[in-house]
Structures are given as C-alpha cells and as structure tokens.
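The values are calculated or read from the model by the stated rules, or taken from the named source; none is laboratory data. This one's a predicted model, so the numbers in the text were calculated from it and none came from an experiment. Backbone-built Cβ (ideal geometry, glycine too); neighbour counts: all protein chains shown.
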Amino acid sequence: MTTRAAFLEDIRREMAKTRGLFEASTSPRPAAPQEAAEAVRRQMLERWPQALERFREEFERVAGVFHRVPSLEAVPALIGEIARARQARRILSWSPEALGVDLGARLGGEGFVVTSAQDADPREGERRRHREEAAAGEIGVTGADWALGETGTLILVSGRGRPRSTSLLPATHVAVFGAPQLLESLEQVGIMLEALHADPSGTMSGAVINFITGPSRTADIELTLTRGVHGPKDVHAVFVEGR
C-alpha cells in the first residue's frame, strides 16, 4: 500500500523532470492578519466603485445577472420579480439576521413559500428537514461575505443561519451584498480569510468556504457543456446601495 508520503514524493519527482513556465512559491501569510485586513478595508473605502464595475463586467461575462437596488427594503420586491419570472414559488433563504432582511415577512403573503434558516445550531431532525426543503427550493437567497472584482466571484462562508445548501441546491441562486464586501484581488481575499480565522470569537461555525463564479457548468467527455447539473443554472448578484 502506498503511503501518503510516498505518494507525494512520487508527484514531486515527476514534476521535477519538467521545468514549469514560471516559478511558483507559497504566498507569505500576514504577521498581523487583523491589521492587514483593516488596511484593505481602508483602501476599499475609496476604490470600491472601480471594484464594483470590474465585478459587474466579470460576473456578466460568466453569464451572471447583476442587479443594483437603493436599499435592503427593495430586495424582497426584486426577489419576487425574479421568482415570478421563473414561475417559482418556493424560496429558500439565509436567516433574517444573516441576510439582513426577512423575506418571509415580506413575501409570505404574496403566494410564495419562504423557508429561512435558523440563526442557531439545528438539531438533527431540523437539519434533515431543512435539507429536504432546500432540495425542493427553487430560489436560494444568500448574502455574500466578499465579492471579488477581478473574477466576478462571490465568496460565502457557511455557518449558523447560513447553510451552504441555500446557494447550491436551488436552481436559481441570488446573492445580496454591499460596498463593504467588495475586494479587488484574490490576495485581498486571502488576507480577509486569515483575519477571520485569527480571531476565534469571529470565526464562523461552518467548515466550508464557497467560491462561486457564475452558474454551475459541467462538460461530458465530448465537451458538451451543460448548466445546472452540480449547482444553480442561474446566479444573480444584488448590490445594495448604502449598505
């Protein structure tokens, strides 16, 4: 039986036979993650409009649909429009605390069935029931921890009130974010993640970080591209002014 060490050594030996196109090295970790993250936030106070425009361009390039609303109060009406355009009734959402708006209170009386995650660690029975509801959901509404301008990528950290199933199981995913979530580069994302995990009190309970760049795409051996096989076939990004 091949051990892990022997397996990795075989890879290193084979890779050493051919020189790469460019030298690769491990990115240095910030010595003071919180200070580095605060420096990024100060930079983005002035540069977020450029990052937002770059995000919109890259997001639409990968078939994402971009929206801009004046406030959080306008989000439920937009979600309703998206659902009606797809003839969808079942809406899955992060908890109101995590999302920043209670979709159930606004859309429940308009013929929609809104299921929101609980802002607590669910019991096993509740967890199973939520998975079943997520599998039946047609629209999944989440926030976004960061929106990466250079690739049009939405970055979501799972945790209490923000299960990953919300962005993965429904056919349409809608992510809501504001200017504080905008970043320019993957290097900045790394700094923010270092800061997130450097402070135990601020670390999410979830173990998954999802990088979402447009709708799910899958190609078979004949390179026939299909959307929506392993995730949503439609992804919407909603930028909230003044958030």
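For this structure, a couple of remarks:
- GLY161 on the phi > 0 side of the Ramachandran plot and either out of contact with any His (no Cβ under 6 Å at 6 or more places or on another chain) or not hydrophobic (A, V, I, L, M, F, W, C) (or both): yes
- Qualifying strands (runs of 3 or more DSSP E) (wholly inside the range 124-171; at least 3 residues being among the hydroxyl-bearing types (Ser, Thr, Tyr) and more than 28 Å from ARG84 (Cα to Cα)): none
- One residue stands out in the range 159-177 among those that are of a type in the set (Gly, Ala, Ser) and more than 25 Å from ARG68 (Cβ to Cβ): the one that is surrounded by the most Cβ atoms within 10 Å (Cβ to Cβ), namely GLY161.
- Selection of the range 204-230 for residues being under 15 Å from the mean Cα position of the chain (by Cα) and at pLDDT 70 or above yields VAL208, ILE209, ASN210, PHE211, ILE212, THR213, GLY214, PRO215, SER216.
- Checked against the criterion of being modelled with pLDDT of 90 or more and either under 13 Å from the mean Cα position of the chain (by Cα) or buried (at least 19 other Cβ atoms within 10 Å of the Cβ) (or both), the candidates LEU156, LEU186 yield just one match: LEU156.
- Test: residue in the range 78-96 that is under 17 Å from the mean Cα position of the chain (by Cα) and within 27 Å of LEU186 (Cβ to Cβ): yes
- When THR2 is tested against the conditions (1) at pLDDT 95 or above; (2) over 30 Å from ALA171 (Cα atoms); (3) of a type in the set (Val, Ile, Thr), the lone failure is (1).
- Qualifying residue in the range 142-152 (condition: more than 17 Å from VAL235 (Cα to Cα) and not acidic (Asp, Glu)): no
- Only one entry in VAL101, VAL69, VAL40, VAL65 is touching a residue at least 24 places away in the same chain (Cβ under 8 Å), surrounded by 11 or more Cβ atoms within 10 Å (Cβ to Cβ), of a type in the set (Val, Ile, Thr) and more than 30 Å from PRO232 (Cα to Cα), namely VAL40.
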